[in-house]
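*Asks:* Below is the structure I would like to discuss, written out as structure tokens.
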Amino acid sequence: MIKDRVKKIYKAKISEIKQVAATSYFIEIQADSPIEVKAGQFISIYCDGLTLRRPFSVFSNNNGKIGILFKERGKGTKYIKSLKVGDSIDIIGPLGNSFNITSKKALLIGAGIGVAPISYLKEKLDEKDIENYFVCGFQNKDEIPSGVKIDKICTDDGSYGEIGSVLNYLQWLIESYNPEVIYACGPYIVLKNIAQLGIKNGIETQVAMEKVMACGIGVCRGCVINLKKDGQIVNATVCKDGPVFDGSEVVWQ
Ligand SMILES: Cc1cc2nc3c(=O)[nH]c(=O)nc-3n(C[C@H](O)[C@H](O)[C@H](O)COP(=O)(O)OP(=O)(O)OC[C@H]3O[C@@H](n4cnc5c(N)ncnc54)[C@H](O)[C@@H]3O)c2cc1C
Ligand code: FES
């Protein structure tokens, strides 16, 4: 995966905020100077009154306006949701490594809010004319965010698109679409299954992982996972060494 160590604190203003699904929101942040962001990288947002910044994948980046797609969970996301156009926030970014983009035919998988970095990746692949197919899974039709270009949608309750988890279609997608690489973001169990299917079918997988983060810059070691490299188990931080990892190297629990 590509490592990028450039990061900066930006004073920024909210230029747009809107609800895009039952529990998800889009905000666009205009930084004081343009920010170059690679697909898979994230920013961390200071939330008023909270000690720890909250990390969010970059979903879009248009002329210095960074977009994120977020799901309301606790105090931090409630705070971000309460912001209004013109309000100031401070962000650090871009953080972490990025997807390694090659010309390989790509299957893109986003589960839940994991759609955000994969949608940005799709934009980058499309810009380079790299063949790709984007499949997403959501709990139900109300959780499908508006404004995201998706090729196939699955819902757990069958209220839209294919019925059931995106994982139910994965083996079939691999056989019918014949991808050379799978890029994915979503819950841990989804990524674990994707990595295992990748190994079984001999396909490279690149997975964007999430871990609850404290420092966000590789110092506190609070977001460590284990990787297998050359027969050895080594530690890696999701915030600095990741969040994108080779699925076949992750030691899945
Ligand atoms: C690299 C990275 C990229 C992310 N990208 C996105 C994104 O694009 N959109 C999005 O909606 N969310 C994303 N997340 C998750 C997001 O950071 C958490 O939802 C957010 O920090 C929760 O903050 P809170 O104060 O609202 O909730 P808290 O009150 O802190 O927690 C509420 C719930 O959220 C869970 N939670 C807290 N932090 C995380 C975390 N880092 N990962 C997963 N669950 C968490 C807690 O376990 C708890 O159950 C990302 C996380 C990481 C590490
Ligand atoms: S959050 Fe501190 S090392 Fe990753």
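*Asks:* Relative contact order for the chain: what percent, with Cα pairs under 8 Å and sequence separation of 6 or more?
*Replies:* RCO, the chain: 18 percent.
*Asks:* A further question on this structure: Looking at this model, which pairs from K11/K78; K65/K192; K38/K122 are more than 22 angstrom apart at the alpha-carbon?
*Replies:* K65/K192
*Asks:* Which one, Y169, F56, L125, projects farthest toward the positive side of the charge dipole computed for the chain from Cβ point charges (K/R +1, D/E -1)?
*Replies:* F56
*Asks:* Aspartates and glutamates near K128 by alpha-carbon distance under 20 Å, same-chain residues fewer than 8 away left out - which ones?
*Replies:* Answer for K128, where 20 Å is the Cα cut-off: E36, D151, E180, E204, listed by chain and number.
*Asks:* Same structure, new question: Only counting other Cβ atoms within 10 Å, I'd like T205, T51, T102 sorted with the fewest neighbours first.
*Replies:* T51, T102, T205
*Asks:* Not counting the cut sites, what is the longest span of the chain without chymotrypsin sites (Phe, Trp or Tyr not before Pro) that DSSP labels loop and that have at most 15 other Cβ atoms within 10 Å?
*Replies:* By the stated rule (loop sites, at most 15 other Cβ atoms within 10 Å), 1-159.
*Asks:* For every other residue with a beta carbon closer than 14 angstrom to the beta carbon of E16, add +1 if it is Lys or Arg and -1 if Asp or Glu, then tell me the sum.
*Replies:* +3
*Asks:* Just to confirm the filter: which trypsin sites (Lys or Arg not before Pro) across segment 1-95 are DSSP coil and have at most 15 other Cβ within 10 angstrom of their Cβ?
*Replies:* K3, R5, R73, K84
*Asks:* For segment 176-226, which trypsin sites (Lys or Arg not before Pro) are both in a DSSP coil and crowded by at most 13 other Cβ atoms within 10 Å?
*Replies:* Values: sites: K192, K200, K211, R221; in loops: K211, R221.
Answer by residue number: R221.
*Asks:* On to the next question. Need the full-extension length gain, E36 to E175, defined as separation in residues times 0.36 nm minus the C-alpha distance. One decimal, nm.
*Replies:* Gain on extension, E36 to E175, equals 46.4 nm.
*Asks:* Highest GNM mean-square fluctuation, the chain, Cα pairs closer than 10 Å: which of L125, L69, L95?
*Replies:* With Cα springs under 10 Å in the chain, the top fluctuation among L125, L69, L95 is at L125.
*Asks:* Let me ask you something else. If pairing requires two Cys Cβ atoms under 4.7 Å apart, which cysteines of the chain are left without a partner?
*Replies:* C47, C136, C154, C185, C223, C239, each lacking another Cys Cβ under 4.7 Å.
*Asks:* If I build a Gaussian network model for the chain, linking alpha-carbon pairs within less than 10 angstrom, which residue out of A208, A22, A12 has the largest mean-square fluctuation?
*Replies:* Top of the fluctuation ranking is A22.
*Asks:* Diagonalise the Cα gyration tensor of segment 112-253 and give the resulting equivalent ellipsoid semi-axes, square root of 5 times each eigenvalue, largest first, whole Å.
*Replies:* 26, 18, 15
*Asks:* What shape does segment 19-78 take by its C-alpha gyration tensor, where a ≥ b ≥ c are the square roots of the eigenvalues and a/c under 1.5 counts as rounded, a/b above b/c as prolate, and the rest as oblate?
*Replies:* It comes out oblate by the Cα gyration axes.
*Asks:* Further, regarding this structure: Could you work out the mean projected area of the convex hull around the alpha carbons of the chain, in square nanometres to one decimal?
*Replies:* Convex hull of Cα atoms, orientation-averaged projection: 13.0 nm².
*Asks:* Which shape class, rounded, prolate or oblate, goes with segment 56-194 when its Cα gyration tensor gives a ≥ b ≥ c as root eigenvalues, a/c under 1.5 marks rounded, and past that a/b bigger than b/c marks prolate?
*Replies:* oblate
*Asks:* Which number comes out as Rg/Rh for segment 142-195 once both Rg and the Kirkwood Rh are worked out on C-alpha atoms?
*Replies:* My calculation of the ratio gives 0.95.
*Asks:* Around G247, which amide H atoms from residues at least 5 apart in sequence, or from another chain, sit under 5 Å from its own amide H, with H modelled in the peptide plane?
*Replies:* Long-range HN contacts for G247: T205, Q206, V207.
*Asks:* Please report the net charge: other residues with Cβ closer than 14 Å to the Cβ of Q30, K and R +1, D and E -1.
*Replies:* -1
*Asks:* Restricting to segment 37-143, what percent of DSSP beta bridges are antiparallel, rounded to 5? Please report the intermediate quantities before stating the final value.
*Replies:* Numbers: 10 of 16 bridges.
In segment 37-143, approximately 60 percent of DSSP beta bridges are antiparallel ones.
*Asks:* Separate question: Go ahead and estimate [θ] at 222 nm for the chain from helices alone: -39,500 (n - 2.57) per DSSP H run with n ≥ 4, summed, over the residue count, rounded to 500.
*Replies:* Counting only the DSSP helices, I get -5000 deg cm²/dmol.
*Asks:* Moving to a separate point now. Provide the percentage of antiparallel DSSP beta bridges, counting only those with both residues in the chain; round to the nearest 5.
*Replies:* If I count the DSSP bridges inside the chain, around 65 percent turn out antiparallel.
*Asks:* Can you figure out the FRET efficiency of D129 with T51, using R₀ = 41 Å and their beta-carbon distance, to the nearest 0.05?
*Replies:* Efficiency, rounded to the nearest 0.05: 0.35.
*Asks:* I would also like to ask the following. Let me make sure I get this right: for segment 158-236, a, b and c are the square roots of the gyration tensor eigenvalues over alpha carbons, sorted descending. Under 1.5 in a/c it's rounded, otherwise prolate if a/b > b/c, else oblate. Which is it?
*Replies:* Note, shape of segment 158-236 comes out oblate.
*Asks:* Considering only DSSP states other than H, G, I, E and B, which trypsin sites (Lys or Arg not before Pro) in segment 135-173 qualify as loop sites with at most 15 other Cβ atoms within 10 Å?
*Replies:* Answer by residue number: K149.
*Asks:* Quick one: net charge of G49's neighbours, Cβ under 13 Å, K/R +1, D/E -1?
*Replies:* Its environment carries a net charge of +3.
No lab work stands behind these numbers, since they all come straight from the coordinates. Everything numeric in this text was worked out from a predicted model, so none of it was measured. In this analysis, Cβ positions are derived from the backbone assuming ideal geometry, glycine residues included, and neighbour counts consider all displayed protein chains.
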